[in-house]
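Notes follow once the structure below has been shown.
The values are calculated or read from the model by the stated rules, or taken from the named source; none is laboratory data. None of the values given here were measured: they were computed from a predicted structure. No Cβ is skipped: glycine too gets one built from the backbone with ideal geometry, and neighbour counts run over all protein chains shown.
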Amino acid sequence: MRVMRRLLAVLCLSATIPLAAAASPAAADNPLPPSVSTGATTAIGQTTATLTASVDPNGAATTYRFEYGTSDSYGLLTAETSAGDGDASASVEVPVSGLTSDTTYHFRIVATNAAGVTRGSDRTLKTLAPARAPGVSTSSARDVLQNSATLRGSLDPRGQAATYRFEWGTSSKLGSKTPDANAEGSGSRTVSAPITGLQPYTVYYYRLVANNSTGTSRGSTRSLRTLRAPTGVELSFDRNPALWGGSVVLSGRVLGSGISGTSVR
């Protein structure tokens, strides 16, 4: 009886071994679809960019591609590339070219294996704008006095290091300029510079000028008139002394610079 029990135990054990071994091929024949995640972009230029993502083949031979275009309908795609048959997430990247400058593009990762197709989430990038000279606009002057004023304008460096100055003078030929100042970044901002040593009640012309590595831009020429600079009033009588009960004419004039045509009463 004891021998029979041992024999039965050996037979049962040998019967279970093939069943366990048969389970592994069954699992291999039923892989999971790939796991993917759309990444950021690198090396963005005017017409180029590098798309990145992560791909996990989940143990089955997998290929991937990027879909991209100017809308979330895409329309363009990269070549199918092997991601292998591993069971861990790996980073992938594909450079694309022939893009349009200063344009927003949509893109996503798409991976395929025997179990199916997995699409990553939609992301966007914007290509760089062409290099341009600064954008400038001359504005009206502020704080205009007899001998000084503050010149103003709007400046957009357009993504490059730029310098700017105001050119000014008593004719449209200008001739004087403020010291160069630095600006950088993108977007319009107000810039200004004071000028002194002006003559009272005089018309001055001025404009904003800026340059970067691409070129030089000049704003339109505008003008200002400084204020008059009276320093006193001189009075006189047509007779002195004046007679009691008689008439007398009082006259006067304004003293100072730029006071021609100033009325006195």
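Before moving on, here are some points about what is shown:
Residues are listed down the side, and each one gets a yes or a no for (1) closer than 30 Å to TYR164 by Cβ; (2) touching a helix residue (DSSP H, G or I) at 6+ places or on another chain (Cβ under 9 Å); (3) aromatic (Phe, Trp, Tyr); (4) free of Cβ contacts under 8 Å to residues at least 60 places away in the same chain:
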site	(1), (2), (3), (4)
ASP87	no, no, no, yes
SER97	no, no, no, yes
VAL117	no, no, no, no
PRO134	yes, no, no, no
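- Filter pass, ALA133 being surrounded by fewer than 18 Cβ atoms within 10 Å (Cβ to Cβ) and of a type in the set (A, V, I, L, M, F, W, C): no
- Unmet criterion (only one of (1) on the phi < 0 side of the Ramachandran plot; (2) in contact (Cβ under 8 Å) with a residue 24 or more places away in the chain) for THR124: (2)
- Filter result for the condition that a residue is under 28 Å from the mean Cα position of the chain (by Cα), modelled with pLDDT of 95 or more, under 22 Å from THR221 (Cα atoms) and of a type outside the set (Asp, Glu), over SER140, SER171: SER140
- The residues of region 109-138 that are more than 23 Å from GLY59 (Cβ to Cβ) and in a strand (DSSP E or B), listed by number, are ARG123, THR124, LEU125, LYS126, GLY135, VAL136, SER137, THR138.
Let's see how each residue does on (1) part of a loop (DSSP other than H, G, I, E, B); (2) of a type in the set (Gly, Ala, Ser); (3) without any contact (Cβ under 8 Å) to a residue 12 or more places away in the chain:
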| residue | (1), (2), (3) |
| --- | --- |
| GLY159 | yes, yes, no |
| TYR205 | no, no, no |
| ASN240 | yes, no, yes |
| TRP244 | yes, no, yes |
| SER251 | no, yes, no |
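- One residue stands out in region 76-89 among those that are hydrophobic (A, V, I, L, M, F, W, C) and either part of a strand (DSSP E or B) or touching a Pro at 6+ places or on another chain (Cβ under 6 Å) (or both): the one that is nearest to GLY116 (Cα to Cα), namely ALA83.
- Breaking point among (1) at pLDDT 95 or above; (2) surrounded by fewer than 17 Cβ atoms within 10 Å (Cβ to Cβ); (3) part of a loop (DSSP other than H, G, I, E, B), for GLN46: (1)
- Number of the exception - VAL110 against (1) more than 19 Å from PRO31 (Cβ to Cβ); (2) touching a residue at least 60 places away in the same chain (Cβ under 8 Å); (3) not small (Gly, Ala, Ser): (1)
- Subset tally (residues that are assigned to a loop (DSSP other than H, G, I, E, B) and out of contact with any Lys or Arg (no Cβ under 9 Å at 6 or more places or on another chain)) for region 49-75: 9
- In region 195-223, residue surrounded by the most Cβ atoms within 10 Å (Cβ to Cβ) [restricted to those that are within 26 Å of ARG253 (Cα to Cα) and hydrophobic (A, V, I, L, M, F, W, C)]: LEU198
- Condition met for SER140 (under 26 Å from THR190 (Cβ atoms) and not acidic (Asp, Glu)): yes
- Scoring VAL248 on the criteria (1) in contact with a strand residue (DSSP E or B) (Cβ under 8 Å, 6 or more places away or on another chain); (2) surrounded by 12 or more Cβ atoms within 10 Å (Cβ to Cβ); (3) at pLDDT below 95 leaves a single failure, condition (2).
- Of all residues in region 150-193, those satisfying the criterion of being touching an Asp or Glu at 6+ places or on another chain (Cβ under 6 Å) and either outside the structural domain of LEU208 (by TED's automatic domain parsing) or closer than 30 Å to PRO230 by Cβ (or both) are THR150, LEU174.
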